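Read the structure below first, then the notes.
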Amino acid sequence: MTTEKTKFMIETTDVDLFYGAKQALKKVSLSIKENQVTALIGPSGCGKSTFLRTLNRMNDLIPNVKTTGSIQISNEEINQAKVDLVGLRKRVGMVFQQPNPFPFSIYDNVAYGPRMHGVTNRKELDAIVERSLRQAALWDEVSDRLDKPATGMSGGQQQRLCIARVLAVKPEVILMDEPTSALDPISTAKVEDLILELKKDYTIVIVTHNMQQASRISDETAFFLNGEIIEFADTNTIFTNPTKQKTEDYISGRFG
């Protein structure tokens with residue numbers, strides 16, 4: 001009997017990152033499975049958000065940043081000068097900590113990415129907007145006010161709109177940097193339910209400070225400390241039977 005080879009969507013090998021002379025990531029090697037939620041946890045300043053941003057080259061926007069090592073997405077090396085960053089960020093979408101809708105209508109927020117990538121047909125845009133809002137579990141709440149400003153939505157709705165905006169360009173990977181930290185518990189639960197639904201079609205990497213959230217929604221968890229991965233395993237193991245003392249100390253609240 002042959003076992004099917006595990007499909008890794010993202011593989012990083014010996015990734016180092018420097019902000020000027022300060023090293024923020026040290027030899028980070030991680031294999032992230034397709035159609036799973038992978039959580040990155042650790043205390044503030046440990047490198048987890050920095051690592052997340054290496055996956056769509058967002059750190060390139062910061063002066064004096066140098067990233068070395070291999071970062072592969074779908075077996076394609078993205079950490080090289082010739083990579084088309086616009087194309088990369090279409091494939092690897094990002095949702096930030098604070099909802100950041102554009103100062104447009106709800107419709108135009110979702111249609112923005114497809115238009116940027118050349119979709120002009122109104123019928124096609126209508127279909128993309130509806131599909132994306134449905135995927136983001138938002139259609140029923142906003143379908144009668146698509147022409148209204150997105151800034152008039154609640155915080156939780158704005159964050160789901162930002163997820164819909166990412167979905168509109170059909171990414172392979174969705175990066176989420178503490179996507180619920182600014183939301184109330186009800187909105188947080190809606191976003192968590194949405195993440196569990198979306199992993200059927202997307203690979204999701206989420207940075208979270210919330211241990212309960214990581215244990216609820218992720219399949220695997222990486223614990224970062226001082227720019228290094230201390231431990232990476234399935235989430236249940238990390239939270240119930242970690243192999244490293246530092247992981248246990250962090251999970252049990254002894255530091256961080």
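The values are calculated or read from the model by the stated rules, or taken from the named source; none is laboratory data. Here the structure is a predicted model, which is why all the values come from computation and not from measurement. Quick reminder, even Gly has a Cβ in these numbers, built from the backbone with ideal geometry, and neighbours come from all protein chains shown.
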Requested in this report: Can you run down the residue pairs with Cβ atoms below 7 Å, 6 or more apart or on separate chains, where the first is in the stretch 134-156 and surrounded by 14 or more Cβ atoms within 10 Å (Cβ to Cβ) and the partner is in a loop (DSSP other than H, G, I, E, B) and aromatic (Phe, Trp, Tyr)?
Outcome: 150/102; 150/104
Query raised in the report: Yes or no: residue 164 surrounded by 22 or more Cβ atoms within 10 Å (Cβ to Cβ), in contact with a helix residue (DSSP H, G or I) (Cβ under 6 Å, 6 or more places away or on another chain), within 30 Å of residue 46 (Cα to Cα) and not hydroxyl-bearing (Ser, Thr, Tyr)?
Result: yes
Query raised in the report: Quick check: is even one residue across the stretch 38-45 over 30 Å from residue 158 (Cβ atoms) and not polar (S, T, N, Q)?
Result: no
Query - Sole exception among (1) closer than 24 Å to residue 181 by Cβ; (2) modelled with pLDDT of 95 or more for residue 108, by number - result: (1)
Report summary line: Every listed condition ((1) among the hydrophobic types (A, V, I, L, M, F, W, C); (2) modelled with pLDDT of 95 or more; (3) within 23 Å of residue 136 (Cα to Cα)) holds for residue 116 save (2)
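One residue is enough: does the stretch 30-47 have a residue meeting the conditions among the charged types (D, E, K, R), over 16 Å from residue 233 (Cα atoms) and either modelled with pLDDT of 95 or more or out of contact with any strand residue (DSSP E or B) (no Cβ under 8 Å at 6 or more places or on another chain) (or both)?
Here is the first cut: in the stretch 30-47, the ones among the charged types (D, E, K, R) are 33-34.
The next check asks that each one be over 16 Å from residue 233 (Cα atoms); those that pass are none.
The answer is no, given that none of the residues of the stretch 30-47 is among the charged types (D, E, K, R), over 16 Å from residue 233 (Cα atoms) and either modelled with pLDDT of 95 or more or out of contact with any strand residue (DSSP E or B) (no Cβ under 8 Å at 6 or more places or on another chain) (or both).
With the requirement that a residue be of a type in the set (S, T, N, Q), in a loop (DSSP other than H, G, I, E, B) and either closer than 22 Å to residue 176 by Cα or modelled with pLDDT of 95 or more (or both), what does the stretch 234-256 give you?
Step one: filter the stretch 234-256 for residues of a type in the set (S, T, N, Q), giving 235-237, 240-241, 243, 245, 247, 252.
Among the residues that remain, those that are also in a loop (DSSP other than H, G, I, E, B) are: 241, 243, 252.
Result: 241, 243.
Name the one entry in 87, 69, 42 that is crowded, with 16+ Cβ neighbours inside 10 Å, more than 29 Å from residue 212 (Cα to Cα), among the small types (Gly, Ala, Ser) and more than 14 Å from the chain's Cα centre (by Cα).
Details: 87 fails: crowded, with 16+ Cβ neighbours inside 10 Å; 42 fails: more than 29 Å from residue 212 (Cα to Cα).
None of the other options fit; the residue is 69.
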Query raised in the report: Counting residues that are among the small types (Gly, Ala, Ser) and within 20 Å of residue 39 (Cβ to Cβ), which helices (runs of 4 or more DSSP H) fully inside the stretch 136-233 reach at least 2?
Result: 185-198, 211-217
